[in-house]
Amino acid sequence: MITIDDITIKIRMLNRPWLLAQATVIFFDILETKGWKVLRSTKTHPRFQEEIWIQAPSFSKGVINGKEVWDEIIWVNDKNLYNQIEEKIYNAFFVKRNKENGEQGAVEAMEQEEKIDVSKDLDEDIDPDDIPL
């Protein structure tokens, strides 16, 4: 029986308009399934409370009645295990996204710090009696 502990997730951030990341789901450190996607959605995910959608690897079956139809290549019969895989993908995505955003924020803060010249303000004479209490 497969459990969530037998599964490892690797995330590759893409930050495209609809495709945020791709995931590789690895079973038992032996079988790698590529093509899992973390996509933007127009609806809030019921468990993650964010407008995203996680899609298992799939292929287009073509256009039927004017709408493109997709079929999944990987199917997990155990709904509970599938939900756990989805959650593990989301958690890995969430951590990687926050790490990248944090690193980017630190770089921007350092760039801003370099632009600010505080040496002009250091020469200001302040009379302590002028400070209201």
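Annotations for the structure displayed:
- All positions within segment 59-90 that are touching a residue at least 60 places away in the same chain (Cβ under 8 Å) and within 18 Å of Leu14 (Cβ to Cβ): Ile89
- Residue list for segment 26-44, filter: of a type in the set (A, V, I, L, M, F, W, C) and either farther than 11 Å from Thr8 by Cβ or in contact with a Pro (Cβ under 6 Å, 6 or more places away or on another chain) (or both): Trp36, Val38, Leu39
- Subset tally (residues that are in contact with a helix residue (DSSP H, G or I) (Cβ under 9 Å, 6 or more places away or on another chain), under 14 Å from Val76 (Cα atoms) and either polar (S, T, N, Q) or part of a loop (DSSP other than H, G, I, E, B) (or both)) for segment 2-60: 3
- Flag for Val107 being part of a strand (DSSP E or B) and either modelled with pLDDT of 90 or more or β-branched (Val, Ile, Thr) (or both): no
The values are calculated or read from the model by the stated rules, or taken from the named source; none is laboratory data. The model shown is predicted, which means the values in this text are computed figures rather than measured ones. Neighbour counts are summed over all protein chains in view; Cβ atoms, including those assigned to glycine, are modelled from backbone coordinates with ideal geometry.
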